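For reference, the structure discussed in these notes is given below.
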Amino acid sequence: MKVVINDFLSIMIHQTDLTLTSYIKAKLAPLNIAPEQNLILLLLWEKDGLTQIEIAKKLEKDKTNITRMICNLEKKGFITRHISENDNRSFNVFLTEKGKKIGEIIKPLAEEFNRTVCAGISKEEQQIVKQVLLKMRQNVEKKCIEPK
């Protein structure tokens with residue numbers, strides 16, 4: 001059986017991810033924000049004051065990477081961290097005025113990006129894509145926890 005690289009869905013998904021990431025990276029570059037930092041800001045615009053652990057869980061990233069991204073956003077003046085009132089080992093992350101203000105620029109960019117990505121794709125097709133991608137993730141996650 002001949003293996004053809006374009007027959008693998010995983011490769012098509014990876015190539016699509018690279019294309020999407022490259023596009024949004026170029027749009028965010030003038031604002032000095034990386035795509036992954038943008039995800040943190042999007043979460044905070046949705047609900048300010050999340051803990052670093054909550055952010056890590058929502059983005060499915062390890063705490064070390066989240067801490068690094070949060071430190072970078074803090075240095076840029078977009079967020080600030082405060083020790084949690086409930087747990088002094090934890091930090092809550094809040095938007096600064098600068099972070100709130102940049103949302104006025106980035107939110108429309110994110111909406112335009114989503115419209116561009118979903119152009120010509122019906123709501124039903126979008127739902128099917130979400131379901132298929134979720135099944136793929138579950139297949140891999142299940143495989144990772146199966147005993148050898």
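Please treat every number below as a calculation from the coordinates, not as lab data. Note that the structure is predicted; figures quoted are calculated from it, not measured. Heads up, the Cβs are rebuilt from the backbone with ideal geometry, glycines too, and the neighbour counts pull from every protein chain shown.
Quote to one decimal, in nm, the extra length available between T19 and E124 on full extension: 0.36 nm per residue of separation minus the C-alpha distance between them.
Working: separation 105, 0.36 × 105 = 37.80 nm, distance 2.33 nm.
Full-extension gain reported as 35.5 nm.
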Environment charge of K76, counting only residues whose C-beta is closer than 15 Å and scoring Lys/Arg +1, Asp/Glu -1: +3
Packing-based exposure ordering (other Cβ within 10 Å, fewest first) of S84, S10: S10, S84
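Quick one: L31, L133, fewest Cβ neighbours within 10 Å first, how do they rank?
Numbers: L31 15, L133 12.
If I rank by nearby Cβ atoms, fewest first, I get L133, L31.
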Estimated FRET transfer efficiency when R0 is 22 angstrom, pair L9-L109 (beta carbons, to 0.05): 0.15
Efficiency of FRET from Cβ geometry, D62 and S90, R₀ 22 Å, rounded to 0.05: 0.90
Cleavage-rule hits (GluC sites (Glu not before Pro)) in the range 41-77: DSSP loop, at most 14 neighbouring Cβ within 10 angstrom: E60
Sum of side-chain charges, A56 neighbourhood, beta-carbon under 10 Å (Lys, Arg +1; Asp, Glu -1): +1
Nearest 10 degrees, 0 to 90: helix 35-46 Cα axis against the chain principal axis: 60
Helix-only mean residue ellipticity at 222 nm for the chain, each DSSP H run of n ≥ 4 adding -39500 (n - 2.57), per residue, nearest 500: -22000 deg cm²/dmol
Cα-based reach from K130 at 27 Å (exclusive), listing lysines while leaving out same-chain residues under 8 positions away: K25, K27, K47, K57, K58, K61, K63, K107, K142, K143
Between 0 and 90°, nearest 10: helix 63-75 axis offset from the chain longest Cα axis: 50
Relative contact order computed over the range 5-120 (Cα-Cα under 8 Å; 6+ residues apart), in percent: 23
Long-range HN-HN contacts of K76 with modeled amide H, under 5 Å: none
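Net charge near Q37: determine it from the other residues with C-beta under 12 Å of the C-beta of Q37, scoring Lys and Arg +1 and Asp and Glu -1. Numbers along the way, then the final one.
Details: positive: K25, K61, R68, K75, K76; negative: E36, E74.
The answer is +3.
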In the range 1-88, trypsin sites (Lys or Arg not before Pro) in a DSSP loop with at most 11 other beta-carbon atoms within 10 Å: K2, K47
For the range 46-88 and the range 1-33, distance of Cα centres in Å: 26
